[in-house]
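Take a look at the structure below.
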Amino acid sequence: MDKAGCSEKINEVSPLKCAFAIFDADFFNDTKIAEIEQGATELNIPISRANRKLVASINGGLHDPPYLVFNPEWGNEQVQSRSKRFSYPSLSGIERPESEEDIAFMTVLELGELIKTKQITSEELTRIFLHRLKRYNHVLEAVVTCTEELAYKQAKEADEMLARGIYLGPLHGIPYGLKDIISVPQYKTTWGSRTFKDQVLNIEASVYKKLKSAGAVLVAKLATGSLAYSDIWFGGRTRNPWNIMKYSSGSSSGSAASTSAGMVPFAIGSETCGSITSPAARCGVTALRPTFGAVGRTGVMSISESLVSPYHLHFMCYICFPYFVVESKYTYIQDKIGPFCRSAADCSIILDAILGKDPDDPSSKDISLDDPFSVDITNLTVGYLDDAEMEVVHILESKGVKMVPFKLNYTVNHVQGILNFTMDVDMLAHFDEWQRTGEDDFYEAQDQWPVELRRARVIPAVDYVQDLQYCSQAQRARGKLIREIRESFTVDAFIGSATDPEKVCMGNLVGMPVLIVPTGFTQISNPPPDGSRRRKTITTGIYAPPNHDHVALALGMAYQSVTEHHRQPPPIDDLGPNDVIVDSISTRGYQSSQTIP
């Protein structure tokens with residue numbers, strides 16, 4: 001740019017600096033202000049105008065009221081524990097494989113049977129999975145911290161309890177990993193960010209407490225994209241075990257990759273907008289994004305829980321006859337905690353263990369789900385969208401499910417804009433100091449949170465009220481979307497793409513659970529001349545109404561009962577003669593024709 005152009009740009013920025021001072025946001029330099037102005041012009045203003053046109057063209061606020069309402073409860077009331085648990089199928093005749101590799105890819109139910117019948121100890125299992133975590137992590141970059149000392153302590157306790165005749169259930173002595181936005185006392189909770197890489201939060205997260213009480217053994221804190229965004233974190237970029245020359249996507253990158261690679265039997269991740277669905281699909285594992293509020297979030301880094309005020313979600317769906325109404329009292333837009341597993345049955349087991357009211361999380365609630373192992377799927381009507389994997393449709397139909405073509409009808413045509421408004425403003429509320437002190441300059445990927453949160457600084461309060469949660473156009477538009485989806489949902493569940501951006505945003509906005517299931521593999525694009533075992537995974541999503549996670553799980557179990565896609569191990573040891581792994585941090589190479597040490 002010439003001198004005259006520079007002067008013109010400075011003259012454009014100067015008035016904006018004065019405006020930012022009024023917002024008490026004069027800490028941005030000229031470059032960042034110009035960037036914000038461009039983002040606001042290209043994104044904020046069009047979305048604000050679209051929302052106003054959709055729901056604010058008539059004065060008085062009588063039409064399309066907001067779905068955010070004040071609730072005076074403090075979230076620490078005493079709630080009765082669930083009285084009914086799922087009835088797990090009994091596995092008989094399960095024998096311990098000779099190979100540790102085969103053990104690593106057994107399901108939770110199968111490993112639980114080995115422990116219950118004392119064919120293997122929890123300490124042995126823990127040793128196997130800790131070894132695999134260390135063996136593969138320098139290539140996958142999926143692990144932040146191995147919790148080795150804690151793991152052996154918990155495994156020893158599990159073995160001693162079993163020796164005394166105390167058996168806690170199918171998770172007794174089973175190793176697992178937690179996404180590193182979930183706090184565990186005495187261990188680092190880094191949020192994937194170099195800014196917080198030495199952070200220790202002496203908070204025992206609710207989901208960790210519940211898994212500990214079920215007898216599970218924590219072996220690792222797993223990678224998350226920095227501040228729960230994408231797959232780039234301060235230690236590298238997490239790779240996809242099915243195609244190690246590619247990446248896992250995020251932000252539950254380590255949970256998906258570690259489960260896929262047999263480094264843990266299951267892992268816990270979270271989703272705000274695609275952070276469970278995308279890495280599960282990319283890495284070819286089964287995973288559940290549950291109904292929001294089904295799992296408590298105490299001790300978990302928050303992105304967007306629509307701040308502190310719950311909204312009433314009345315979700316009506318017509319299931320045969322007559323119709324019924326499900327009311328989800330405490331439901332927010334984002335931040336769902338869910339399992340990554342080998343199978344839908346394993347997802348059911350993990351959900352059963354972590355389900356329920358968290359007294360310190362006002363968004364959580366007691367959901368009395370039906371037992372997914374007892375659902376009669378022949379009574380279900382299931383729709384399939386144009387992008388559904390037809391193998392799933394045909395198999396479910398062969399099992400007696402009524403399958404019908406289906407389409408969701410709604411007029412809100414900017415769901416991603418609504419979600420981004422809500423997510424970015426809420427995230428900025430949680431990381432205001434981080435931005436004000438310039439820590440965002442050290443963020444691992446400058447085109448991600450830093451850009452989005454600078455733009456969020458200038459979203460007008462009338463379009464999204466950050467602190468008081470009164471009427472906002474984006475939330476009114478969201479309310480319209482919920483009503484239209486509710487009226488359109490005339491089936492018990494539907495099958496469709498799990499990763500289509502529109503469905504990801506829509507599903508999160510309306511609180512819809514989805515089960516991601518592997519359905520096959522295809523060749524990678526442009527494989528090496530001598531071939532490669534690397535594959536691209538194919539998956540689909542099974543969607544259900546809020547508080548009907550059991551329907552999606554039952555359908556997933558029915559499909560997986562006659563398929564083997566979910567049982568296939570990825571080719572991390574034997575890729576092909578021309579596949580070379582390049583570490584994203586040190587750029588050291590690994591010949592994939594050799595076993596990774």
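Observations, loosely collected:
- Karplus 3J(HN,Hα) series, Hz, for the stretch 508-518 with 6.51 cos²θ - 1.76 cosθ + 1.60 (x for Gly, Pro): 6, 5, 9, x, 8, x, 8, 9, 9, 10, x
- Farthest positive-ward along the stretch 390-531 dipole, Cα basis, beta-carbon charges - from 493, 435, 445: 493
- For residue 246, residues with placed amide H under 5 Å, excluding near neighbours: 240
- Amide H contacts for residue 538 (H built 1.01 Å from N in the peptide plane; partners 5 or more residues away or on another chain; cut-off under 5 Å): 519, 520, 521, 522.
- 3J(HN,Hα) from dihedral phi, the stretch 91-99, Karplus parametrisation 6.51/-1.76/1.60, rounded to Hz, x for glycine, proline: 9, 10, x, 6, 10, 5, x, 6, 8
- Other-chain or far-sequence residues with amide H under 5 Å of residue 237's (modelled H): 584
- Legend: distances between Cα atoms for 336/402; 210/402; 480/503; pairs beyond 28 Å are 336/402; 210/402.
- Student exercise, the stretch 357-415 dipole from Lys, Arg, Asp, Glu Cβ charges, in Debye to nearest 20: 300 debye
A short reminder: the numbers here are calculations on the coordinates, not readings from a lab. All of these numbers come straight from a predicted model, not from anything done at the bench. Here Cβ is always computed from backbone atoms with ideal geometry, including for glycine, and neighbour counts include all displayed protein chains.
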